[in-house]
Amino acid sequence: MNLGDTFDEDLDGKRIGEQQKRVCRFMADGEWHRLRDIARATDDPEASVSARIRGLDAIEGKHEARRVKGLERRGVWEYRWVREPRQLGLFES
């Protein structure tokens, strides 16, 4: 997974890895979730959660997004992960 030119493994690796695990665990149910609800459940910033959702595609499966009916004009989206993770060690403590 390419995390960009500003990514520093020593400074960012553990933090981003832990965020990815929390998002994976929360979204493994395959249900639709709003960004704010994922952020609240994982205690991570919405911007970070959004990036970790895109990172789900690199692990296995893909994420889907759709506009929330009735809130289209406000730009509210829901996300779900359509396949469970199979990366070794992803859910190890």
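Quick check on this structure: which one of 28, 39 is surrounded by fewer than 17 Cβ atoms within 10 Å (Cβ to Cβ) and either aliphatic (A, V, I, L, M) or touching a Ser or Thr at 6+ places or on another chain (Cβ under 8 Å) (or both)?
Unique residue meeting the criteria: 28.
Starting from residues that are modelled with pLDDT of 80 or more and not charged (D, E, K, R), keep the ones in region 48-64 and report whichever is surrounded by the most Cβ atoms within 10 Å (Cβ to Cβ).
So the residue we want is 49.
Is there any pair with a first residue in region 64-93 that is under 22 Å from residue 22 (Cβ atoms) and a second that is among the acidic types (Asp, Glu) and modelled with pLDDT under 70 whose Cβ atoms are under 7 Å apart and which are 6 or more apart or on different chains, and what are they?
Taking only residues 6 or more apart or on different chains, the pairs are 83/60; 85/60; 86/60; 87/60.
Return yes when residue 4 is small (Gly, Ala, Ser), at pLDDT below 90 and not in a helix (DSSP H, G or I) and no when it is not.
In short, yes.
The values are calculated or read from the model by the stated rules, or taken from the named source; none is laboratory data. Predicted, not measured: the structure shown is a model, and the values here were computed from it. So basically every Cβ, Gly included, is an ideal-geometry build from the backbone, and we count neighbours across all protein chains shown.
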